[in-house]
Structures are given as C-alpha cells and as structure tokens.
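Take a look at the structure below.
The values are calculated or read from the model by the stated rules, or taken from the named source; none is laboratory data. All values reported here derive from a predicted model rather than from experimental measurement. Protein only, heavy atoms only, side chains kept; ligands, DNA and RNA dropped before computing areas. Shrake-Rupley method; radii C 1.70, N 1.55, O 1.52, S 1.80 Å.
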Amino acid sequence: SWAKAGWKLTRERSPLSAGGVVFLPDFTLRHDDGREAAVELVGFWTPEYLTAKIAKVRAAGDVPLVLVVAKALAVGDAADALNEVGGERIVWCGRHPRVGDVMRVVEGVASRQ
C-alpha cells in the first residue's frame, strides 16, 4: 500500500499557483524522502471542462499535480470524447480509483519540495 511505501495522504487546504494558474487540489501525497504530489479528483465532467482542466495542468508546468478522472461520471456524450483527451498526469478510473494506478502516476510526477 502507499502508506507502507512511505507516502502520507493529507486533505489539502492550500492553493497551488504556477504559470498564472491557481489550483486547490483535493489531497497531497507526501513521501518520507520529501517528494510530494497534489491529487485532484474530477467528478462529473464534460469534454470541454476536462480539456480546460488539462490545459491548466499543462500551463502550470512543473507543478506535481495528478488528475483522477472517473469515466463513469461523464456527462452526456462526454464518454465518447475520452480518446481525444489525454495526458501523462491523468488517472482514468471507474467510479472508484485504484490506489496502484494513482500511485504509478504520482511516482512519475512527484517532486521534492
């Protein structure tokens, strides 16, 4: 599990700012070695919302932020747009994310603070 691997999950209360973009992530994962990554859960979404969110993540550059997107919570025809929307910082899931899937992406983007 992530806790056994040295990670601690906390509810985030501080906004992140980079590249003129401000985020208020849902959680922060901090490793005992000083690495950390912010995690934002995306609930109900449309392709337009998700595309705009991903653009903000890209504009933020080096901010270690991971988006966890529930495919099952797509609104309307949003599920058809899944192939058009992508990114190395996105974890696609059903209704509930799998810890291993999230941690693989976190490990890839986490940075020392």
Checklist outcome for this item: Karplus-derived 3J(HN,Hα) from phi for the stretch 25-31 (6.51 cos²θ - 1.76 cosθ + 1.60, θ = phi - 60°), whole Hz, x at Gly and Pro, runs x, 6, 9, 10, 9, 10, 9
Checklist entry - Counting only protein heavy atoms and using a 1.4 Å probe, what share of the accessible area of the chain belongs to carbon plus sulfur, as a whole percent? => result 52 percent
Item to check | 3J(HN,Hα) from dihedral phi, the stretch 91-108, Karplus parametrisation 6.51/-1.76/1.60, rounded to Hz, x for glycine, proline | outcome: 10, 7, 8, x, 6, 10, x, 8, 4, x, 5, 5, 5, 4, 6, 4, 4, x
Checklist outcome for this item: Contact order relative to length for the chain, counting C-alpha pairs under 8 Å separated by 6 or more residues, stands in percent at 26 percent
Item to check | Sequence-distant residues sharing a close amide H with Asp26 (under 5 Å, placed H) | outcome: Val39, Glu40, Leu41
Checklist entry - Relative to the longest principal Cα axis of the chain, at what angle does helix 47-59 sit, 0 to 90 degrees, rounded to 10? => result 30 degrees
Checklist entry - Over the alpha carbons of the chain, what is the largest minus smallest coordinate on each principal axis, giving the biggest first in Å? => result 42, 33, 22
Item to check | Whole-Å distance, taken between Cα centres, linking the stretch 88-103 and the stretch 11-69 | outcome: 14 Å
Next on the checklist: Under 5 Å between amide hydrogens, which residues at least 5 positions from Leu65 or on another chain qualify, with H placed 1.01 Å from N in the peptide plane?
Outcome noted: Ala38
Item to check | Karplus-derived 3J(HN,Hα), 6.51/-1.76/1.60, for each residue of the stretch 64-69, Hz, glycine and proline x | outcome: x, 10, 10, 9, 10, 10
